[in-house]
Amino acid sequence: MPRHATIETTQHAQQRMVAILDRLDAEYPGQFEGLHFTSPFQLLIATILSAQCTDERVNSITPALFAKYPTPAAFAAASVDELARDIKPTGYYNAKARNIHACCRELLERFGGVVPATREELVTLPGVGRKTANVILSQAFGQQAITVDTHVARLSNRLGFVHTTDPVAIEHTLMAITPEDRWNDIGRLFITHGRKVCTARKPHCDRCVIAALCPSAILPAAGEHSSVRSRRR
């Protein structure tokens, strides 16, 4: 059964976060199935495409997409209608095509076709919000940044670190309780764990390596041997 929540000091939250990251890192050493890319520009386009779409679906179309449009200039030279047809499997393709086309024009006109490496510059590009900027900073440029997607938001709430769905508020809270050199670990590990174990509808608390550190975990009562009934959140 779930444990009762208690008021947690910042120091204890910091210690618990480090313990959680350590356990998840041991469980998923080097594992992360994310977007496929070979350059910051490819990751920029793939991340725009990933809105309301799975990474797997995006990865299924980007090899052909980048073969056809290898540079910002190639995307900018295409018609929006043609681009929309090429990215149709990712959904919301008309809006995404407009954003990608405008983004590539901005890259050419303002940044010489080079993806900028600061959040302040990235978020000025069409189709790029704070989440997309953090993905690019952390994965393409190796900078420490916390990417708050649906998995990170869900786990952060279940773990009791936050009680909000606002991604910026979640990001700032996690930054305050996590060593800066481990900010990137949150995205990699929370997303992986959210996909494999701490799923949205039926979290598998019975095989969760951080259940003992989670106030939302539903564990068997003493002497109970039946399968664990997970709660929805």
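Just so it is clear, none of the values below were taken in a lab; they were calculated from the coordinates. The structure displayed is predicted, hence computed values, not measured ones. Quick reminder, even Gly has a Cβ in these numbers, built from the backbone with ideal geometry, and neighbours come from all protein chains shown.
Tell me which of 133, 118, 17 sits at the most positive position along the dipole axis of the chain, charges placed on C-beta atoms (Lys, Arg +1; Asp, Glu -1).
17
Exposure proxy check: 48, 61 ranked by fewest other beta carbons within 10 Å?
Listing 48, 61 from fewest to most nearby Cβ atoms yields 61, 48.
Give, in nm to one decimal, the length gained when the segment between residue 57 and residue 33 is fully stretched (0.36 nm per residue of separation minus the Cα-Cα distance). Write down the numbers at each step before the final one.
On the way: separation 24, 0.36 × 24 = 8.64 nm, distance 1.22 nm.
Contour length minus Cα-Cα distance gives 7.4 nm.
Which entry in (1) 0.99; (2) 1.45; (3) 1.13 is this structure's computed Cα Rg over 2.2 N^0.38 Å?
Label (3) holds the value from this structure.
Roughly speaking, what is the stretch gain from residue 124 to residue 102, that is 0.36 nm per residue apart minus the C-alpha to C-alpha distance, in nm to one decimal? Write down the numbers at each step before the final one.
Working: separation 22, 0.36 × 22 = 7.92 nm, distance 1.13 nm.
In short, 6.8 nm is gained.
Find the percent of Cα-Cα distances in region 40-140 that exceed 25 Å, and round it to a whole number.
Details: 421 of 5050 pairs.
Here the long-distance tail beyond 25 Å is 8 percent of all Cα pairs in region 40-140.
Residues with amide H under 5 Å of residue 145's amide H, sequence separation 5 or more or different chain, H placed in the peptide plane at 1.01 Å from N; which?
Counting only residues 5 or more places away or on other chains, the set is 184.
Roughly how many nanometres apart are two label points built 7 Å out from the Cα toward the Cβ at residue 74 and residue 143?
2.7 nm
Would you work out the relative contact order for region 40-140, in percent, from Cα pairs under 8 angstrom that are 6 or more residues apart? Spell out each step's value before the answer.
Values: 105 pairs, mean separation 31.0, N = 101.
It comes to 31 percent, rounded to a whole number.
Grab the Cα-Cα distance for residue 64 and residue 19, subtract it from 0.36 nm times how many residues apart they are, and report the gain in nm with one decimal. List each step's numbers first, then the result.
Working: separation 45, 0.36 × 45 = 16.20 nm, distance 4.17 nm.
Additional length available on full extension: 12.0 nm.
Which whole-Hz ³J(HN,Hα) couplings does region 120-125 yield from phi under the Karplus relation 6.51 cos²θ - 1.76 cosθ + 1.60, θ = phi - 60°, glycine and proline marked x?
Per residue, the Karplus-derived 3J(HN,Hα) values read 4, 7, 4, 6, 7, 7 Hz.
Give me the net charge of residue 136's neighbourhood, meaning all other residues with Cβ under 12 Å from the Cβ of residue 136; Lys, Arg count +1, Asp, Glu -1.
Working: positive: 119, 130, 131; negative: 121.
Taking every other residue near residue 136 into account, the sum is +2.
Got a sec to turn the phi values of region 43-60 into Karplus ³J(HN,Hα) couplings, 6.51 cos²θ - 1.76 cosθ + 1.60 with θ = phi - 60°, whole Hz, x for Gly and Pro?
5, 4, 5, 4, 5, 4, 5, 6, 4, 6, 8, 7, 4, 4, 5, 4, 4, 6
Using only helices, what value at 222 nm comes out for the chain when you add -39,500 (n - 2.57) per DSSP H run of length 4 or more and divide by the total residues, to the nearest 500 deg cm²/dmol?
Details: 11 runs with 118 residues, N = 233.
Here the helix-only value at 222 nm equals -15000 deg cm²/dmol.
GNM, the chain, Cα, under 10 Å: largest mean-square fluctuation among 24, 137, 108?
Answer for the Gaussian network model of the chain: 108.
Taking only Cα atoms, what is the 0 to 90° angle, nearest 10, from helix 10-27's long axis to the longest principal axis of the chain?
70 degrees
If you only keep lysine pairs separated by 8 or more in sequence, or across chains, how many in the chain come under 21 Å at the Cα atoms? All intermediate terms of the calculation are to be shown ahead of the outcome.
Numbers: 68/88; 68/96; 88/96; 96/131.
Here the count comes out as 4.
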